[in-house]
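Quick notes on the structure that follows.
The values are calculated or read from the model by the stated rules, or taken from the named source; none is laboratory data. Nothing here was measured: the structure is a model prediction, and the numbers come from that model. Backbone-built Cβ (ideal geometry, glycine too); neighbour counts: all protein chains shown.
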Amino acid sequence: MTSDETAENATHVDVVVIGAGQAGLSAAYYLRRFGLEPEAEFVVIDRSFGPGGAWQHRWPSLTLNTVNGLHDLPGYAFSDVVHTRSGEVPASSAVPAYYGAYEKEYDLPVHRPVQVTVVCDRGERLRVETDEGIYFARGIINATGTWEHPFVPWYPGAARFRGQQLHTKDYRDAEQFRGRHVLVVGGGISAVQLLDEISRVTTTTWVTRREPVWRDKEFTPEFGRAAVAAVEDRVRQGLPPGSVVSVTGIPVTPTIRAARERGVLDRKPMFSEITETGVRWSDGTTLDVDAILWCTGFRSSLDHLAPLGLRNPGGGITMTGRLATQVAADPRIHLVGYGPSASTIGANRAGRAAARELVDHLTTGAAAP
């Protein structure tokens, strides 16, 4: 055992789960079921001050009525804690209440607020450095999601724009834009939701890189499995995952139909340049706007894993295992909430698969079939 492993602030456990959102809590639940003891053999580290994962930071107008998908954690129904699935209950308060109750129900060892700074390979163990101390683990389940890593593409002239630029992560409510012309950028579900809200109080323009893909048909289990399989195939090849939504398309809800009728969804192609007062297209057409809202998604929050050298030259990570949660280059490391498990429904199955395969690997030295 090295000197840093015997340091006063070093703790030895079998597994460190990084992140206490849906995927992290699911993994922790199954680690208990598969025989690991909380605190003694596994811990969960979460950077937030309270339960709820990324849900606690969502905009107030995102309610249980408007949220795109909300799924029970394993073994404990959402309705057991939050007794109204309908109505204008903000997801930012309802989901954290549910997650907090879940942590107590199963006595999950969540340490917060604790920030993981870096993970390094130390031979038989992985060194997990945090602002609370150091953990030496035989394996890790990384469930940090994407919320802390918003993506804004670079366009010429972005630095000279005199208006306001913000990302989905910064959005609070439509009233902040009243009386201003807002350019909404992005072709995902969040972009359409915020476009609809903002257009009710002020002028909007919508631009996307590609033509939006609408889904008028029912989202069947078979369709969902096919979409997840397409993303899973990418990560098994070591390619950057892309999003499940890019495969499924945007569901056409009554709200979307109403926005269509109001002319809100008159999409324009992507501009080529940002000017001091707005944007310019390649044909020379310009548009003056007061604010640019980048609804351009997120990237996986994996910077703390950089010393492990997991990424391929193209930026992807080659994944393996039953549900593609296991890093092919190091079976001690599982990524949940990455690729095919980057959804609330996929997170539960991924948490179970990661816990099962990691426990089996630590017990026998080989992943479960």
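See the values below:
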item: Test for R311: is it surrounded by fewer than 22 Cβ atoms within 10 Å (Cβ to Cβ) and either in contact with a helix residue (DSSP H, G or I) (Cβ under 6 Å, 6 or more places away or on another chain) or part of a loop (DSSP other than H, G, I, E, B) (or both); result: yes
item: Selection within segment 99-132 - aliphatic (A, V, I, L, M) and either in a loop (DSSP other than H, G, I, E, B) or farther than 19 Å from E37 by Cβ (or both); result: A101, L108, V114, V116, V118, V119, L126
item: Search result, residues across segment 133-162 that are more than 26 Å from T325 (Cβ to Cβ) and surrounded by fewer than 18 Cβ atoms within 10 Å (Cβ to Cβ); result: G133, V152, P153, W154, Y155, P156, G157, A158, A159, R160, R162
item: Filter result for G186 (outside the structural domain of P38 (by TED's automatic domain parsing), loosely packed, with under 15 Cβ neighbours inside 10 Å and on the phi > 0 side of the Ramachandran plot); result: no
item: One residue from A324, A354, A347 being buried (at least 20 other Cβ atoms within 10 Å of the Cβ) and part of a loop (DSSP other than H, G, I, E, B); result: A324
item: Matching residues in segment 332-355 - criterion: being farther than 17 Å from V247 by Cα and aliphatic (A, V, I, L, M); result: I333, L335, V336, A347, A350, A353, A354, A355
item: Those residues of segment 327-344 which are in a helix (DSSP H, G or I) and of a type outside the set (V, I, T), in sequence order; result: G339, P340, S341
item: Residue that is surrounded by the fewest Cβ atoms within 10 Å (Cβ to Cβ) [pool: residues in segment 262-302 that are part of a loop (DSSP other than H, G, I, E, B) and of a type in the set (D, E, K, R)]; result: D283
item: In segment 281-322, the residues that are free of Cβ contacts under 8 Å to residues at least 40 places away in the same chain and either in contact with a Phe, Trp or Tyr (Cβ under 9 Å, 6 or more places away or on another chain) or of a type outside the set (D, E, K, R) (or both); result: W281, S282, G284, T285, T286, G309, L310, P313
item: Candidate set: segment 155-178, residues that are at pLDDT 95 or above and in a loop (DSSP other than H, G, I, E, B); chosen: the one nearest to the chain's Cα centre (by Cα); result: Y155
item: Evaluation of R257 against (1) free of Cβ contacts under 8 Å to residues at least 12 places away in the same chain; (2) surrounded by 17 or more Cβ atoms within 10 Å (Cβ to Cβ) (one fails), failing number; result: (2)
item: Residue match in segment 219-229 (condition: surrounded by 12 or more Cβ atoms within 10 Å (Cβ to Cβ) and at pLDDT 85 or above); result: no
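This table checks each residue for (1) under 30 Å from H334 (Cβ atoms); (2) without any contact (Cβ under 8 Å) to a residue 60 or more places away in the chain; (3) of a type in the set (D, E, K, R); (4) not assigned by TED's automatic domain parsing to the domain that holds A347.
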residue	(1), (2), (3), (4)
A174	no, no, no, yes
A191	no, no, no, yes
T202	no, yes, no, yes
F223	yes, yes, no, yes
